[in-house]
1. Leaving ligands, DNA and RNA out of it, report the carbon-plus-sulfur percent of the accessible area of region A:7-127 at a 1.4 Å probe.
2. For the pair residue A:328/residue A:358, report the inter-label distance in nm, with labels modelled 7 Å from Cα in the Cβ direction.
3. Name the residue farthest towards the positive end of the dipole of region A:136-412 from the options A:399, A:144, A:262, assuming +1 on Cβ of Lys and Arg, -1 on Cβ of Asp and Glu, about the Cα centre.
4. Which far-off residues, 5 or more places away or on another chain, put their amide H under 5 Å from the one on residue B:119, with H placed in the peptide plane?
5. Find how many whole Å separate the alpha carbon centroid of region A:178-257 from the alpha carbon centroid of region A:130-149.
6. Pull up the cross-link candidates among the lysines for residue A:400, meaning alpha carbon to alpha carbon under 26 Å and not fewer than 8 places away within one chain.
7. With an 8 Å cut-off on Cα pairs and a minimum separation of 6 or more residues, tell me the relative contact order of chain B in percent.
8. Find the centroid of the Cα atoms in region A:80-126 and in region A:370-391, then give the distance between the two in whole Å.
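The values are calculated or read from the model by the stated rules, or taken from the named source; none is laboratory data. It should be emphasised that the depicted structure is a prediction, and the values quoted were computed from it without experimental measurement. Virtual Cβ from ideal backbone geometry, glycine too; neighbours counted across all protein chains shown. Just the protein is used for accessible areas: all its heavy atoms, side chains included, with ligands, DNA and RNA removed. Shrake-Rupley method; radii C 1.70, N 1.55, O 1.52, S 1.80 Å.
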Number of protein chains: 2
Amino acid sequence: MNSKIDLMKYVADKEDIDPESFIIADYVYSGRENWIKLGAKIAAEQSTGTWVEVAGERDIVERHGARVFDGDFNGRQGKLRIAFPVENLNPRDGIPMLLSTIAGNLFGMKVVEKIRLEDVHIPNSYMKAFNGPKYGIEGLRKIIGSEGRPHIGTIIKPDVGLPPDVFAEYCYEAAIGGVDFIKDDELLGDPAHSPRFERLNRVMEALDRVREETGRTVLYALNITTRMSKIVEVAEKAKEEGANCVMINAVTLGLSSIRAVSETVDIPIHVHRDMHAAFTRDKSHGISMLVLAKLIRLVGGDQLHTGAVGKMQGNVKEIQEINHFLRSEWYGLKTTMPVASGGIHPSLVPANLDAFGIDIVLQAGGGIMAHPMGIRAGARAMVQAMEASLKGISLREYAKNHEELKVALNTFG
Amino acid sequence: MNSKIDLMKYVADKEDIDPESFIIADYVYSGRENWIKLGAKIAAEQSTGTWVEVAGERDIVERHGARVFDGDFNGRQGKLRIAFPVENLNPRDGIPMLLSTIAGNLFGMKVVEKIRLEDVHIPNSYMKAFNGPKYGIEGLRKIIGSEGRPHIGTIIKPDVGLPPDVFAEYCYEAAIGGVDFIKDDELLGDPAHSPRFERLNRVMEALDRVREETGRTVLYALNITTRMSKIVEVAEKAKEEGANCVMINAVTLGLSSIRAVSETVDIPIHVHRDMHAAFTRDKSHGISMLVLAKLIRLVGGDQLHTGAVGKMQGNVKEIQEINHFLRSEWYGLKTTMPVASGGIHPSLVPANLDAFGIDIVLQAGGGIMAHPMGIRAGARAMVQAMEASLKGISLREYAKNHEELKVALNTFG
């Protein structure tokens, strides 16, 4: 393919790429072609070209053609960078058209064996159509009233199957025990045994009791994931019925769901990323979690699961890089609070804090819910583990005077 | 992980699985665990369990727990089948929650190296919330007035960069030349140089001229892919302004976009699948195209790209299996018309017809647009290649009396 087109039209020198006029995407790949030839084929396919030269192509490529402008190849693997003209896109079309451009057909091209979108650089001219998170780390800390410490979160378990009154009672126990944040499991939507809004009402009653008794505000992220035509309506209703946070499974629904909700409803958005590993896990094919994280911050995710030292696959260095991005200055957008989740229990708190710092939600589901002394004790044990870590005291030492932590360490290892 | 829970709760005998009460998902995997143990861990994670036994789990697992009930393992690779209780889901939440259940966190589990969702079986109790395609193959044939032959389609090239008047003129030429169907490229949304509705108006004027001159109706799939909050609005406006078909990049936007549009606007929906190969290409990890095709038919896709003998990666047997599904009886839903696209030109018509039959759209972009005698001749050459194939005449033979075909064969090989 492409033998019939002059590929050099789709190649540029680095110096000729004005970063304000292009969206720049970085790829790694496996295959037999050098980065210039392969990059030109991809740049053509993903902009003005196809497998054969067509009339008019030469006239518009100057303005609308993508360009490969940097790369490297060792005979089997390589990397390359492509600049896509911002002009080809309308930012109002948002993430779907951006993904079609930088992460569309190219994954299926026969000329490459594997290819992975590693990073994306978005110019201000495109960025300015997006608002980013409404709350961010600072906004969430203001609601919780926290400073100099992570937020402790929990996921109610069992994930599905609990009736709303029991579910709410579990929330009460976790909140009284000291968690800052409670969320539905990503599997819990609106099933007959736990209707979404009945659950919300019960949980918010329980958290109101907690506020009366302790003065503390605890966030509850109601899983509003539903089909596209209903997501804004469900988010609006959640807000009306007293929700103080919502959760969206943004990969299975579509990333622009976050923007749709954020533009309509004034509420923190907790973003779950389930299904991401279908295309992020292979380090040589698909899309990196960093790219996903950038797009999710762009469209307004206030919290995002990025991985933990725990049960899910993930590499600490990669998670650190993502978390660093989420908290860094980026065209003045608010930050996104990373969420560490998956198999966390008190013993893992020091390792997660060491690795990821305090601007994070440390979420323990089973690691709180399964505490032998009950949920309240489970929450206390997590809080105690956090206190010990922040004070630089070993958990074993701290456990001597903290029964809940001691039992947790003996139970969960 | 999971060493602390009784995994046998998540295992069942095949005979105990009532297919009406479960969504059944088939996986293949690579790893070190046998299918029963791995399957039980996945069934737990994706339903009522977590990495540790929690209070109340035992009581609800009977009703809400998923179950592994079949499988195979050779020491390195295996397959397994899991039954997910329909009760855990609300069909009104649609595809996003279904995907979170059968294709969510499991892709990132450390206990498995790779895992791929191969197939899904949806019971009537869940299906009945969905309407499927509004038109299907029969409905599309009725609009076009076709019988006993494939539809010939084209994608206007260059993909991006043409102003609406030139774009519309290309459409006119292709339509006069004989194509049944014209579509925007998946990269063309609503850029400043080709505003979506201006393009639509120009194209529909051109196609009205074609109808006046020839009596033929040609479909034009306007790419309405946009962000979630606008997709229904854009679809409605397209219909109001005279569109006779719309196209959605359903993977980058989210599959339930199809349902949202289908429920609101009475118009055929052409589904592009760009980005799918980020998770369908590796045959041992991710999600199969067959699963995607099933879900797209469920939510109402009238046409779907499934692959071709051409430039994109894809295996003929797999495409045949998918196309067979799209056309087969499935709970009384209408069919979805497969679209063969990607590097097609007249020489490839016989091979595509042999492989996929006549209930298909054969789409040539460059293979029409780049014809040396012009677009009209390019369209004629494709139609001639179709006629020859249907008559069982070799293209070389037919080309003797068909100039456009002869030139195409000499040009494209």
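1. Details: 1970 of 4240 Å².
C and S fraction of accessible area: 46 percent.
2. Computed distance between label sites residue A:328 and residue A:358 equals 2.3 nm.
3. Going by the charge dipole, the pick is A:399.
4. B:26
5. 18 Å
6. Qualifying lysines at Cα under 26 Å: A:391, B:4.
7. Working: 862 pairs, mean separation 62.3, N = 413.
So the answer I get is 15 percent.
8. 44 Å
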